[in-house]
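Readers should treat all values here as calculations from the given coordinates under stated rules, not as data from a laboratory. Model, not experiment: these values are computed from the prediction. Counting neighbours? That spans all protein chains shown, and the Cβs are built from the backbone with ideal geometry, glycine included.
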């Protein structure tokens, strides 16, 4: 994985030096690329799950920065925000998963090898582990753009194409798959089933959408989603080796496809620039056609890698995809029942992949140029751009020839297994919780329990081996079916896409695919809009009702009561009671002063009355 | 030196105020030229600068393993002996980060306020008084002293908001003042109850009360006395934090206050609430702390979610950041609730995470408010989107800015750092403390914490939305004469940005300060689970 990241990163750096030439923020672009490579390598090398999480988010940041690189475009700015937030949804799941794993058992550790050791040696409630596993996988769902969090990846194509090649095709999106491989030993069977179906659904779903897209990068984006679905599906059925192998081959050919499309867009852009035409979309395939004569190197690079992705023999994609399909088919042979949906989705998506990829090739490079004017100005991209293309496309072949026919086979010949297996041996040994046969395994005796569990991946391996030839023939058949159909439509024009469109549209299939199953609109209507409404409502409650009405009314009540109390205080207490005493004194003194009129007889009369009164009182006592 | 350093930290600003008054007096007598008001600024700068150096010196000589009673810095003597009131100050692992934070932010805030032109003497002397109050709160070990410093802070704050604030400053200032005073009343009641009910003599000594307060055996109106004290103290501290539903003074005060005061409010004053919990409520009333921890977690999660939801709806950038403070302080509460985790790792992660979050939120929010201030000083508004009833109907409902990233690259770089630190991006300090708070909460209250993790997403939503609307998109030509950050602005931001990065990548130095004190606190509380 480290090799893949570094190699693709180097080639993209090289390629970008030409692609981004003349951009006013050239140096900033390279800073972002560097940040990305740093954090991606961090994910790959980290053993602690928190370290993975940290780099995981940093990768999200660099992706955010790169998608929003041309931030003057509103679409790019929105796409970057969407990418970051969608990833965050997955990351929350991953974070909760990390916390759950941390509190597993009694030794608290974030170290993956410790965690795996712990899961191996202690009895843990399998439901708990299933939930934790699925939550950790949520992170992968976000990063690897699986359903239902795939929405950000197609929009992410607003970023510069070479960066898309690296981040959104070869490395970052593969981080999800990588993480799942890392945590594979602690995933339970139930969790794996969930993972398998997520992958299968994504593979098929994205492939269907890719058929009808006209933007060359959008097609590739959905193709990436679909291929990632493959890998995830392979993980779910236990064929993790195949998944990882596909990750590597996919990184090579998808990076190449993106760089090639970048080369096309680059020259389209320059051609349009020379014509001073700023309205035509340089990424729209409907404006292209016949480019193979003008850009032979790009054409051959793209053709080779398209053959690889379509699963044609002698190309890398064939081997890895075949291994996955064999694994899936083997899984079905083993477990039967609903798992038949997995190979159906797998082979279906394979056929569709072949179809839409060749649709892309035929529309872009074959046929007559749609616009002679643009065509005249087109020319091949410079060497700095084509060399990475050539290297990557050769690698799409070379992987196949290195070692033996089947790099995944046992023994010394299976070089890939040897290279990967070294790091992952423990996966098989420690694979304790993939309880295959029954869910009540807790009652089993420990030894027997583990013996049985170990077999899951081996089982998957052998099942895949048994199913290998069936899978190979089937996958060959569907690949050629897809290519042939595509050729009929777009190369020889024997069939008219329009009529088919109308036929299919009876069930609205075409519209659904064209509009990406309206997922964005659905999210916008059932999540985004109600959510924003709630947040405004909260703000209104918080400020207008709670604060301004309730809290401030306390102040108003205080003011009101203080006014009242002032009234009571002054009008009654002070004016009436306190002043009352004064008035009373005043009044009584006014009355009393009349007693002292200066008439001596009156004084004597008063004295007499007083004496009589006193005598009476004293005598009564 | 050792014994006087803490007193110096507190009273140096007071001396600064006196110095300013003497200068003003001399100026009035014509003995000194004070037409140039810069002299006050330089005095304030020197005082806070020395104070900051003292704080660093304290940190350099600080041994985190010692408790306050053993620490050489502790000062204790009788102040009002007839009522057993002591002058008792000391520093431990809990107060050390807060002292550094307060000293650092005070110094930077003087730099931020350099272009204050209105009543320079008043502004800077009040600011220094506020500074003294903050230091006093963080260093007091006597409840009475604590309470006095707590109240000392209120008054300068009232004037600083009310005189140098925005258009609604009078309303904001009075609301802040009365709301906090309301809380102080409860705190006073709690304090007096402790004083009178604690067995073994009336005392305000917080260290002595640790052993005495849990023995309180009385009841009032059918309630346990300790429960009532807890509630009273809780209301007092909760208003400062602010805990939902006591939070509504905060957005108003933050928005109306001048930039430097917003920084102090959000960076230091909010921490006093949670500091009060950890310094007084938890050690003195451990049993109640345990019983109340579910409420703590619940209120923390409500704070996180409610604050974030409100922040999303805000169209005023400063108000958005104010609400983000509500949300971020929720993490502290959630982390503190983790103390009841039976698995000790949970408790340790939660408590350390809470104190770290207090520190980190201080630096991050200071950065955010400073940057908003820089923008506001130039553009004279800070609308993300103009409100629908804006006085200029042509602008109503339109974006306030747009595309500034291309015009202001340095400013943009710092704001990206600050925003991403705010939304808890790993490798920046906010992430470490938030994650630790979550782990602490998760050890005790799983479902609540899982709901709380929604905050990770919500925080990202409002920061990224605001960032996109202000800095991305097509450039708004109206702002083509904006200048990028000046040297002075950068001098403020760079130390904060450095700390944010440093503690994001290597939090160990910060953790090392508080770890031992937190373990002691956990040991104190855990027996009551």
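Fewest to most neighbouring Cβ within 10 Å: what's the order for B:143, B:107? Can you show the working numbers first?
Values: B:143 27, B:107 23.
By the 10 Å Cβ count, ascending: B:107, B:143.
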- Contour minus Cα-Cα distance for residue B:63 and residue B:26 (0.36 nm per residue): 8.9 nm
- Item | Gyration tensor verdict on the protein assembly as shown (Cα atoms; rounded if a/c is under 1.5, prolate if a/b is larger than b/c, oblate otherwise) | prolate
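Would you compute, from DSSP H runs of 4+ residues alone, the mean residue ellipticity of the protein assembly as shown at 222 nm, taking -39500 (n - 2.57) per run and dividing by the full residue count, rounded to the nearest 500? Show your work: numbers first, answer last.
Details: 47 runs with 799 residues, N = 1150.
Value at 222 nm, helices only: -23500 deg cm²/dmol.
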- Note on the structure: Per the C-alpha gyration tensor (a ≥ b ≥ c, the square roots of its eigenvalues), chain B is rounded if a/c is under 1.5, else prolate if a/b beats b/c, else oblate; here it's oblate
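Given R₀ = 41 Å, FRET efficiency for residue B:3-residue B:221 by Cβ-Cβ distance, to 0.05?
Numbers: r = 45 Å, r/R0 = 1.10.
So, using R0 = 41 Å, E works out to roughly 0.35.
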- Note on the structure: Residue separation between residue A:525 and residue A:270 times 0.36 nm, minus their alpha-carbon distance, gives in nm 87.9 nm
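For A:475, A:80, B:281, which order do you get if you count the other beta carbons within 10 Å of each Cβ and list the fewest first? Mind dumping the intermediate values first?
Values: A:475 25, A:80 28, B:281 21.
By the 10 Å Cβ count, ascending: B:281, A:475, A:80.
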- Query: If contacts are Cα pairs under 8 angstrom and at least 6 residues apart, what is the relative contact order of chain B in percent?
  - Reply: 15 percent
- Mind ranking A:575-581, A:199-205 by how tightly packed they are, going by the mean number of other C-beta atoms within 10 angstrom, highest first? A:199-205, A:575-581
- Task: Can you put B:522, A:115 in order of Cβ neighbours within 10 angstrom, beginning with the fewest?
- Result: B:522, A:115
